[in-house]
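These notes concern the structure reproduced below.
The values are calculated or read from the model by the stated rules, or taken from the named source; none is laboratory data. Just so it is clear, the model here is predicted, and its values are computed rather than measured. Here the Cβ positions follow ideal geometry from the backbone for every residue, glycine too, while neighbour counts run over all protein chains shown.
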Amino acid sequence: MAVVLAAIAAPGASAAANHRPVAPYDVTFTSSGDTLPATFLPAGGRNHGAAALIISGSGPTDRNGDDPQYPHLDTNLNFAKALASAGVSSLRYDKLGSGTAGLGGPGHHPGGAGIDFDLYAQEALDAYRTMASQPGVDPHRLVIVGHSEGGLFALWLANQLKGTPLAPRAVILAAPLSERYLDLLDTQLTEAYQQAAAAGAITAAAAAHYIRQMRDAFASIRAGHGVPPGLDDPSLAAMLSPVNVAFLEQADKYDPAELARSLGGDFPVLVLRGTKDVQVTGPEVARVADALRQDRDAWDVSVPDADHLFKIVTGVPNPAVDYANPNREFAPEVGVMVRVFIGAMVERAD
């Protein structure tokens, strides 16, 4: 990869200077009976009509990568700009429960019922087809970009499309979900309970009790039996509400590393990870990167001082404070690596 950097990174600046931006425009598409809004950002025709679908992370994350608590994160918007600088058009969309999509049409999903992994996966597939149909897009030069939980959907979608006329040329995984869903939650919640006990917020015995109940509940969900009654931690009971359990059970069936391996060897993948990401750690991302390297020379890039949003952190990362700061810089290395990777991908397609 160092050789590719030396060969392609320098000409990228000249190509970007010759690029004439084109105004973004809004589109809508239908998925599972719902009408979803999206934004298409044309890249002005460079790189032979290449285009990318950007898939959001977890929660109520909208097409720009924002959520109601932090309305200026701009993760997806920043990736769209990085792609445009590489001459790649992009489509980003509001999934159900985010942005202006809400919960769909009247009575479609009361209380969020039916919004599960399968529905979100179908939305990603329909958004991808919508992107491929936009003017100037070459259906043989398509890319999928997934951030955080969106990385799981990106891998799922790439596998679904493999061998079809709309098969993507490449995938970009940005701080991807890299373990089975319930395994990741187990790690995160165990750490949270242990930290609460260390801080004196709960007793060590209570922490151990909550961890046992959590693991029993996860085992029950994984076995298809739902959540056992009597969870004593209200926050865990809320997390494992009936609305959420369907998603968790479906999502947990997919191991990102196995999905990565099943792509096959002749498939370029760029994996980006921030060195100051405290939500998806380096060892976690290594599961997917190592699985990819078994079949190919995967592009596995650590972005210095970048957090989970790929924004620069000075000092010790603190998401509660950092995410509320709208003035932090999007890591410039991301744009550089996207241009280099896309340049190599286009040359390979040619």
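Brief remarks on what is shown
- Of all the criteria given as (1) closer than 30 Å to G335 by Cβ; (2) not in a loop (DSSP other than H, G, I, E, B), the one not satisfied by A246 is (1).
- Residue that is farthest from the chain's Cα centre (by Cα) [pool: residues in region 180-206 that are under 30 Å from Q250 (Cβ atoms) and among the aliphatic types (A, V, I, L, M)]: A196
- Of the helices (runs of 4 or more DSSP H) entirely within region 92-206, those holding at least 1 residues that are in contact with a strand residue (DSSP E or B) (Cβ under 8 Å, 6 or more places away or on another chain) and crowded, with 22+ Cβ neighbours inside 10 Å occupy 117-132, 149-161.
Yes/no per residue for (1) assigned to a loop (DSSP other than H, G, I, E, B); (2) outside the structural domain of G114 (by TED's automatic domain parsing); (3) without any contact (Cβ under 8 Å) to a residue 12 or more places away in the chain:
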| position | (1), (2), (3) |
| --- | --- |
| L259 | no, no, no |
| G265 | yes, no, no |
| D277 | yes, no, no |
| V285 | no, no, no |
| D290 | no, no, no |
| H308 | yes, no, no |
| G315 | yes, no, yes |
| A324 | yes, no, no |
| R328 | yes, no, no |
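- Filtering region 228-238 to residues that are in contact (Cβ under 8 Å) with a residue 12 or more places away in the chain and either among the polar types (S, T, N, Q) or assigned to a helix (DSSP H, G or I) (or both) leaves only L236.
- Condition met for H225 (more than 19 Å from the chain's Cα centre (by Cα) and in contact (Cβ under 8 Å) with a residue 12 or more places away in the chain): no
- Test for A207: is it of a type in the set (A, V, I, L, M) and more than 30 Å from A121 (Cα to Cα): yes
- Selected residue [among the hydroxyl-bearing types (S, T, Y) and farther than 16 Å from A23 by Cβ] from S85, S58: S58
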